[in-house]
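Everything on this sheet refers to the single structure shown next.
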Amino acid sequence: MLAALLVTGCSSGVGAASPAPSPRASAPASVSAPSSSPSLSPSARPSGGQAERTLAAMSLRDKVAQLFTIVVWGQKAGAASKENEARYGVATPAQVVEKFRPGGVILFDWAGNVSGASQVAALTTGLREAAARSGEAPLMIGVDQENGLVSRLRSLVTKFPGASEIGETGKTANARDVARATGEELRDLGISLDFAPVADVNINPRNPVIGPRAYGSDPGKVAAMVGAAVDGFHAAGVASVAKHFPGHGDTSVDSHTGLPVITHSKAQWRKLDAPPFRAAIAHDVDAIMSAHVVMPKLDPSGDPATLSHRILTGLLREELGFDGVISTDALDMAGVRKKYGDAEVAVRAVLAGADMLLMPPNLPKAYDAVLDAVKSGRISERRLDESVLRILRLKEKRGVFGPIRTDPGALKSAAHHKIAERVFAAVR
C-alpha cells in the first residue's frame, strides 16, 4: 500500500490454539449469513483442499465479506473504541470482525494497533479467535511493513534498511535476507501478510510518494531485488504483495491526494515498469497490489488501474499470467475516489479483476454494493467464487487455517541484528 500520508477519513492468551467455531454471532441483516443453505456455483464444489471445502460451505454474504480487508481501531481485541462505533456500529475490534466477517484486517500505528510486541501478538490472536467464532473462513492479518520510510511496527521490530538502501548495495542476497528476517518477526506477532515489496521503478526524481521506497531506477536491477525479496518472505512463511501495478515510479502526483497520469506507451511500460512484476510472478508472489494511476496508453478510459479491466485482467492476468490475489490499493485514497462513489468503486474494482478490496472508506456501503451487484448478476457468482478461492488458497498456503501461534519474545534476535548491520554497512 502507498504510505498513508493521509489517515483514513482525513491510510496472556497469546500462543493458544484457535478454538473450534461456535454458533454464529448475531449480526444486522445487511451483513449476517442467511439461514438457508449456501448457494453454490460450479466453481464452489467441495473438492480439493481446505480452501475449496471452505468456499463450498460459505453463504453468499460471507463470500462477499471475504473480499474486504479493513482497519479496526484499538490495541486490544476486546477494548471499545469510539472510532469503531462510528464506522461499524460496534465498539471493539473483535465485535467488528464478528459482525462483518471480513477476509482480513490490516494493522496501523495510527489506528492505535501498535504499542508493544506482546500487545500486537495478543491483538492478532484475539482477532483471529473472533473470526473463528463467527464464520467458516479464518482471518488474515496484514501490515504495511516495507522497512525504511514505511515501517508501521515502529521500534517493535528490528530496524532494517529500506529498499533504496538495499538496492544501493547491489546484492540480491541482502533483499532476500532482510525480507526473510522481516517476515519471521511478523510471523512471531501473528501477522501472515506483508504489503511489500515495492516493485515500482522510481525513474522520476520528483516522485512524491515512491522515492526511497523503491529499490532503484534500473528495471533489471529492481526486478532482481523484488524477486529475491519475495523469496525471503516465503522462506519465512509469510505472504508477500508486490506493488503498485502497473507501476507508480514515474509520477509527480501523490495518489493519496490526486490522480496521477503516466504517459508511457505499452512498449515503454513493458521495458520500464513491467520487469519487476514479471520477476515477482516468476518467484510465485502471493499477491499484487494495483495502483491508483491512469495510464491512457494502456487504457484510454481515464479510469485508474485499480478500476481498469484492460490493466488488471488484460495485462496482469492475461499478458503476465498472474493467477494469485490482486489487491487494490487503499480505497480511501483520493486517486480512486475522483470519478465514482465509494459504493461503485468497490463494484468496479471487482469487475476489473481485483480480489481483495483494501480499506474501503465506508465498509457497509461498499459491502452492500458488491452484494447487490452479485444478486443482480452484474458480478456473476462464478466471478465472486474465483476471487474468494484465490484468497482462501493464499490463506491455506501461508498456514492461516492452522493453529494461532505467536512468539513476541523472539523479536529483534541477534541474527536479525547482524543482518541489519551487514546491509547498512554495505550501502555505497
Only one residue in Gly377, Gly402 is under 18 Å from Gly190 (Cα atoms), surrounded by fewer than 17 Cβ atoms within 10 Å (Cβ to Cβ) and more than 18 Å from the chain's Cα centre (by Cα), so which one is that? Gly402
Quick one: in segment 179-235, of everything that is among the aliphatic types (A, V, I, L, M), in contact with a strand residue (DSSP E or B) (Cβ under 9 Å, 6 or more places away or on another chain) and more than 27 Å from Val293 (Cβ to Cβ), which residue is surrounded by the fewest Cβ atoms within 10 Å (Cβ to Cβ)? Ile191
Scanning segment 65-86 residue by residue, those surrounded by fewer than 21 Cβ atoms within 10 Å (Cβ to Cβ) and closer than 21 Å to Ser327 by Cβ turn out to be none
Residue under question is Ser380, and the condition is that it be of a type in the set (S, T, N, Q) and either farther than 24 Å from His292 by Cβ or in contact with a Lys or Arg (Cβ under 8 Å, 6 or more places away or on another chain) (or both); does it hold? yes
The conditions are (1) farther than 30 Å from Ala121 by Cβ; (2) of a type in the set (Phe, Trp, Tyr); (3) touching a Gly at 6+ places or on another chain (Cβ under 7 Å), and Phe195 fails exactly one of them. Which is it? (1)
If only one of Ser413, Ser387, Ser376 is out of contact with any Phe, Trp or Tyr (no Cβ under 7 Å at 6 or more places or on another chain), under 16 Å from Ala65 (Cβ atoms) and hydroxyl-bearing (Ser, Thr, Tyr), which one is it? Ser387
Candidate set from segment 280-303 (those that are farther than 30 Å from Gly237 by Cα and touching a Leu at 6+ places or on another chain (Cβ under 7 Å)); member that is surrounded by the fewest Cβ atoms within 10 Å (Cβ to Cβ): Leu298
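Among the charged types (D, E, K, R) and closer than 17 Å to Gly247 by Cα, is that true of Arg317? I'd like the intermediate steps shown before the answer.
Numbers: among the charged types (D, E, K, R): yes; closer than 17 Å to Gly247 by Cα: yes.
The answer is yes for Arg317.
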Scan segment 357-372 for residues that are hydrophobic (A, V, I, L, M, F, W, C) and farther than 16 Å from Pro304 by Cβ and report the count. 5
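Read-outs throughout are calculated quantities, based only on the coordinates presented, and are distinct from any laboratory measurement. Predicted model only: the values in this text are computed from it and were never measured. Because the Cβ atoms are built from the backbone with ideal geometry, glycine has one as well, and the counts that use them run over all protein chains shown.
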